[in-house]
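Take a look at the structure below.
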Amino acid sequence: MEALKEKGINPGLAVIIVGEDPASQVYVRNKERACDECGIYSEKYALPKETTQEELLNLIDKLNKKNDISGILVQLPVPEHIDEKTVINAIDPKKDVDAFHPVNVGKIMVGNYDFVPCTPAGVMELIDESGIDVSGKECVVVGRSNIVGKPQAMLLLHKNGTVTICHSRTKDLKAKTKNADILVAAVGIPNFITGDMIKEGAVVIDVGINRLENKKLCGDVEFESAQKVAGAITPVPGGVGPMTIAMLMKNTVKAALVNKTK
Ligand code: GUN
């Protein structure tokens, strides 16, 4: 970080949270802590749940123009009276470290991008660092959200994987998942993928973070049965989660570079 700062590149992240969703509060705290650990300047805006859309848009506008802020993140979900799409569209695409803005989504589609959404980017980093070659592999993504499923599929496709996206209407899901060399679970349903749905030796990446009634965290994959079949598997917690935060830090540094040349 010091080397960057000597070159006049000063990353700064603004994190906005509206309301008191407990999970969001934990995520935002983790993001702030990561900034501190990396020496990245950060500002946190914790707004009451009654905040109007106009007030939120005014804050985003101010941050878009603020020179010491290179990245802006609005923690989702926002309260129901605020339109998520309008909020995302208001963020300067050059400061959109989540890569949720349609401009950045489009850039990912054509394979010419500055920012990759943090969770799919973290998954790709895990695959890459583990020496797993995606090219020609059967990749199955379970979940089609804008935040994870859709961009995840695109990133795997850019690495020449043969990609299938499955979702709640998919017929015979097990036949699809059982065919996967690389299986990414991002459905948000605890223990949804069980060992019998996994091919022997497959790479299983669990994006889910679900809180059970007993307060314990668990993923979308039933770890006990899955680990007996998988060749490699990520745990929850401690798998994709920390990678997501690491990718946010990377995007914030990238944003400082992009904004310096804007
Ligand atoms: N809520 C759940 N995941 C995310 C994320 O990656 N970014 C933001 N802004 N909100 C989220």
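The values are calculated or read from the model by the stated rules, or taken from the named source; none is laboratory data. As the structure is a computational prediction, the values presented were derived from the model and not from experiment. Positions of Cβ are backbone-derived with ideal geometry, glycine not excepted, and every protein chain shown enters the neighbour counts. Please note that ligands, DNA and RNA were not included when accessible areas were found on the heavy atoms of the full protein model with its side chains. Shrake-Rupley method; radii C 1.70, N 1.55, O 1.52, S 1.80 Å.
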Treating only Lys and Arg (+1) and Asp and Glu (-1) as charged, each at its beta carbon, one finds that segment 1-157 has a dipole about its Cα centre, in Debye to the nearest 20, of 260 debye
Rounded to the nearest 0.05, FRET efficiency between residue 246 and residue 175 (Cβ-Cβ, R0 35 Å) equals 0.50
For residue 82, the residues 5 or more places away or on another chain with a placed amide H closer than 5 Å to its own amide H are none
Ordering 126-134, 56-64, 113-121 by per-residue average of other C-beta atoms within 10 angstrom, highest first, gives 113-121, 56-64, 126-134
Relative to the chain, whose Cα atoms define the longest principal axis, helix 22-38 and its Cα axis are tilted in degrees, nearest 10, by 70 degrees
Residues whose modelled amide H sits under 5 Å from the amide H of residue 47, counting only those 5 or more places away in sequence or on another chain, are 17, 18, 19
Ranking 162, 51 from most to least accessible area with a 1.4 Å probe gives 162, 51
About its Cα centre, segment 36-120 carries a charge dipole, from +1 on Lys and Arg Cβ atoms and -1 on Asp and Glu Cβ atoms, whose size in debye to the nearest 20 is 260 debye
Its Cα gyration tensor gives the chain an equivalent ellipsoid whose semi-axes in whole Å, largest first, are 32, 21, 17
Out of 182, 35, 162 - ranked by how far each Cα lies towards the positive end of the dipole of the chain, with unit charges on the beta-carbon of charged residues - the top one is 162
Sorted on mean Cβ neighbours within 10 Å (highest first), peptides 71-83, 37-49 come out as 71-83, 37-49
In segment 131-262, taking the dipole from +1 charges on Lys and Arg beta carbons and -1 charges on Asp and Glu beta carbons about the Cα centre, the listed residue (238, 131, 153) farthest towards the positive end is 153
per DSSP, antiparallel bridges as share of beta bridges in segment 96-250, % nearest 5, sits at 10 percent
Taking Cα atoms, the helix 118-129 axis meets the longest principal axis of the chain at an angle in degrees (rounded to 10) of 50 degrees
Expected unfolding gain across residue 37-residue 194 under the 0.36 nm per residue rule, minus the alpha-carbon gap, is 52.9 nm
The simple spin-label model distance between residue 109 and residue 217, using points 7 Å out along Cα→Cβ, in nm, is 3.3 nm
Over all viewing directions the Cα convex hull of segment 83-154 casts an average projected area in nm² of 5.3 nm²
Magnitude of the Cβ-charge dipole (Lys and Arg +1, Asp and Glu -1) of segment 203-262 about the Cα centre, nearest 20 debye, reported as 520 debye
The answer for residue 166, listing residues at least 5 apart or on another chain whose modeled amide H is closer than 5 Å to its amide H, is 141, 142, 143
Within segment 115-150, the residues whose backbone N lies under 18 Å from a label point placed 7 Å from the Cα of residue 167 along the Cα-to-Cβ direction are 120, 140-150
Where a ≥ b ≥ c are root eigenvalues of the Cα gyration tensor, a/c under 1.5 meaning rounded, otherwise prolate if a/b exceeds b/c and oblate otherwise, segment 1-47 counts as prolate
